[in-house]
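Novice: Sharing a structure below in C-alpha cells format, with a few things to ask.
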Amino acid sequence: MQTRNFGTIAYEADSALEFPIGLPGFESRRRFVALRFVESDPLVYLQSLEDPALCFVTMPILSVDPQYRLKVGSEDLDRLGLPATRQPRIGEDVFCLAVIAIRETGPTANLLAPVVINLKTRQAVQAIAPDSEYSHRFELMPEEVAVCS
Amino acid sequence: MLVMSRRQGETILIGGEIEIVIAHIGRSRVKVGIRAPREMPVIAREVELVSEENRAAAGATHEALTGLLARLQPKSSK
C-alpha cells in the first residue's frame, strides 16, 4: 500500500482495523492500520488504507494519562461488539488511543473521544465519552515529560 | 439565547419545519426527539468538536511531529 508519509508499507490483511462508521469528520474512511516505529515511539500512526494522504497521529491513552478512566457509551459498545453490561478494560478487551492535534500553541490530545479498538475483532470506533469531564484538547506537556528522561 | 421551560412530552416548533420533543427527563439527562427535514444535519455538539479536532489532527506536518517527538523521547534514544 502506498502512503504519503511512509512510502510503501506492507501489512497483514488481518491487522487492518475496521471503523464501521468511520471517524467524526472522516465518516467515509473505514479501514486503517496502526503503525508503530522504534524511532517514533510512543506515537502510533493510524494510516488510512483508503486514502494514502490520511494519517492520524495518536498515542496510547495511558501514555498520556496513566489514570485515564475509559467510559464507552452503549451505542459504541454495540459497534465494537462488546457487551453493554460492563466497561471494557484497556489492554485486556480494548486498545485505546488518543488522537493528537498539533497547533501553533502546542500539541493536544483528544481525551474526550479516544479511539477504542476491540482487541479480538479489530473493530474500532472513536468513542465520544458520555458525560465526560475529559478535554478534547488536553495539552501535552512535553517539557514535563522530558524531565523524566 | 431564548430559554423555554418545557415538561416531558411537550414540544417546541422552530420555523415550521423543525419539531423538538422533550421525550424523557431523567435525573441528569434529557432525551430529546428531533424531527427535521432530511437534508438538515442534526448532530451533538461534541461530534462537531471531535470532527474539528480530527481535521486539525489530519493536517499534522512532518516537521511539527519531529518537534513533538524530540520532546517526548528521552534524549539518550536519539
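Novice: Can you classify region A:18-99 as rounded, prolate or oblate using the Cα gyration tensor, where a ≥ b ≥ c are the square roots of its eigenvalues, rounded means a/c under 1.5, and otherwise it's prolate if a/b beats b/c and oblate if not?
Specialist: Oblate shape, in that a/c is at least 1.5 and b/c is the bigger or equal ratio.
Novice: Rounded, prolate or oblate, given the Cα gyration tensor of region A:1-137, with a/c below 1.5 counting as rounded?
Specialist: oblate
Novice: Can you give the FRET efficiency to the nearest 0.05 for B:E39 and A:E133, using r as the Cβ-Cβ distance and R₀ = 30 Å?
Specialist: 0.30
Novice: Starting from region B:6-78, pick out the GluC sites (Glu not before Pro) whose DSSP state is loop and whose Cβ has at most 10 other Cβ atoms within 10 Å.
Specialist: For GluC sites (Glu not before Pro) across region B:6-78 that sit outside H, G, I, E and B with at most 10 neighbouring Cβ atoms in 10 Å, the list reads B:E17, B:E39.
Novice: Where does chain A land at 222 nm, in deg cm²/dmol rounded to the nearest 500, when only DSSP H runs of n ≥ 4 count, each adding -39500 (n - 2.57), divided by all residues?
Specialist: Here the helix-only value at 222 nm equals -2500 deg cm²/dmol.
Novice: Still on this structure, I have one more. Specify the angular offset, from 0 to 90 degrees and rounded to the nearest 10, of the alpha carbon long axis of helix B:62-72 from the longest principal axis of the alpha carbons in chain B.
Specialist: With rounding to tens, the tilt is 80 degrees.
Novice: Then there's this: Just flag the trypsin sites (Lys or Arg not before Pro) in region B:1-35 sitting in loop per DSSP whose Cβ has no more than 16 other Cβ atoms within 10 Å.
Specialist: Hits after loop and neighbour filter: B:R6, B:R7, B:R27, B:R29.
Novice: Right, something else. At a Förster radius of 30 Å, what calculated FRET efficiency corresponds to the Cβ-Cβ distance of B:E46 and A:A10, to the nearest 0.05?
Specialist: 0.25
Novice: Related question: Label chain B by shape, choosing from rounded, prolate and oblate, from the square roots a ≥ b ≥ c of the eigenvalues of the Cα gyration tensor; if a/c is under 1.5 it is rounded, and otherwise prolate applies when a/b is larger than b/c, oblate when it is not.
Specialist: Prolate, since a/c reaches 1.5 and a/b exceeds b/c.
Novice: Separate question: Do any chymotrypsin sites (Phe, Trp or Tyr not before Pro) in region A:1-56 lie in a loop, going by DSSP, with at most 11 other beta-carbon atoms within 10 Å of their beta carbon, and if so which?
Specialist: On the way: sites: A:F6, A:Y11, A:F26, A:F32, A:F37, A:Y45, A:F56; in loops: A:F6, A:Y11, A:F37.
Counting only loop positions with at most 11 other Cβ atoms within 10 Å, the chymotrypsin sites (Phe, Trp or Tyr not before Pro) in region A:1-56 are A:F37.
Values quoted throughout were computed directly from the atomic coordinates according to the rules given, and no laboratory measurement underlies them. Given the structure is predicted, the values throughout are model-derived calculations rather than measurements. Heads up, the Cβs are rebuilt from the backbone with ideal geometry, glycines too, and the neighbour counts pull from every protein chain shown.
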